[in-house]
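Any read-out appearing in this document is the output of simple, stated calculations on the displayed coordinates, not a laboratory observation. As the structure is a computational prediction, the values presented were derived from the model and not from experiment. As a convention, Cβ positions derive from the backbone with ideal geometry for all residues, glycine included, and neighbour counts pool all protein chains shown.
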């Protein structure tokens with residue numbers, strides 16, 4: 001399987017890979033001129049051939065524009081900050097499971113020491129998202145937002161449009177099974193439409209009454225994944241897998257579906 005890397009853009013018949021990805025490709029993978037890779041600028045994907053491999057950048061010539069699939073769902077993950085090893089594992093797996101945006105939450109019950117160190121971890125989290133998106137051959141790297149107080153982030157995530165769903169994972173007895181919230185929404189989605197799903201997942205100590213109130217005011221429904229109590233990182237995987245099951249785009253015959261009816265452009 002070909003590796004995919006992300007570039008800032010395409011210019012004429014060329015592209016340049018810079019930064020840590022260029023270093024990884026040139027020094028770790030020991031790329032040589034003439035090798036073939038996939039490049040994405042977040043909107044389009046090209047098959048490209050390495051022309052020169054330097055210390056700081058790798059130059060490519062573009063060979064063929066590849067078809068990409070339009071996902072029928074856009075997912076925002078509002079994730080409470082927990083112990084960093086678990087948080088980082090969670091955002092890595094969330095990328096593989098199709099998340100488009102990650103919003104770290106300073107939840108009321110998040111550890112204060114962890115919250116104080118969030119700013120220093122942001123660059124590392126960006127790198128984790130990028131490497132995971134490359135491995136999963138995503139079209140783009142998920143956006144990482146600034147850490148925000150949970151009540152503020154929940155209020156800012158107000159429903160807009162008839163295809164937006166907002167879920168707050170909850171252990172309370174009145175929480176609705178997630179399948180009962182996702183399946184009817186997916187069934188109402190017409191061909192070519194895109195649903196927007198926001199999922200808020202709390203810390204180990206759970207949400208406070210104030211956070212439940214903020215979520216309710218913002219239009220979030222309390223959703224349950226089952227009778228067992230899940231760790232935060234487990235809940236991330238379970239919830240996103242449920243969303244992909246309900247809405248996900250799937251390849252057919254080994255090829256992704258195209259976003260347009262145009263034939264892929266080809267380079268000599």
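Tabulated data for the structure shown
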{"quantity": "Angle between the chain longest axis and helix 178-187 axis [Cα atoms, degrees, rounded to 10]", "calculated": "50"}
{"quantity": "Between 0 and 90°, nearest 10: helix 232-247 axis offset from the chain longest Cα axis", "calculated": "70"}
{"quantity": "Additional length obtainable on full extension of the chain from residue 173 to residue 228, 0.36 nm per residue less Cα span", "calculated": "18.6 nm"}
{"quantity": "Set of region 39-78 residues, backbone N closer than 19 Å to the point 7 Å along the Cα-Cβ line of residue 14", "calculated": "39-41, 46-65"}
{"quantity": "The chain: angle of helix 84-96 to the longest principal axis, Cα-based, in degrees nearest 10", "calculated": "60"}
{"quantity": "Sequence ranges 14-26, 195-207, ranked by mean other-Cβ count within 10 angstrom, highest first", "calculated": "195-207, 14-26"}
{"quantity": "Region 1-108, relative contact order [Cα under 8 Å, separation at least 6], %", "calculated": "22"}
{"quantity": "Estimated FRET transfer efficiency when R0 is 41 angstrom, pair residue 52-residue 190 (beta carbons, to 0.05)", "calculated": "0.30"}
{"quantity": "Cα-projected label distance for residue 131 with residue 209, points at 7 Å along beta-carbon direction, nm", "calculated": "4.4"}
{"quantity": "Cα-based radius of gyration of region 1-126 once divided by 2.2 N^0.38 Å, which approximates compact folds", "calculated": "1.29"}
{"quantity": "Gyration tensor over alpha-carbon atoms, region 4-66, equivalent ellipsoid semi-axes in Å", "calculated": "17, 12, 10"}
{"quantity": "Peptide ranges 32-39, 99-106, 46-53 listed from the most packed, as the mean C-beta count within 10 angstrom indicates", "calculated": "99-106, 46-53, 32-39"}
{"quantity": "Computed over the chain: relative contact order in percent, which uses C-alpha pairs under 8 Å that are six or more apart", "calculated": "23"}
{"quantity": "Label of the coordinate-derived value, semi-axes √(5λ) of the Cα gyration tensor in Å, listed as (1) 37, 19, 15; (2) 28, 20, 18; (3) 36, 23, 14", "calculated": "(3)"}
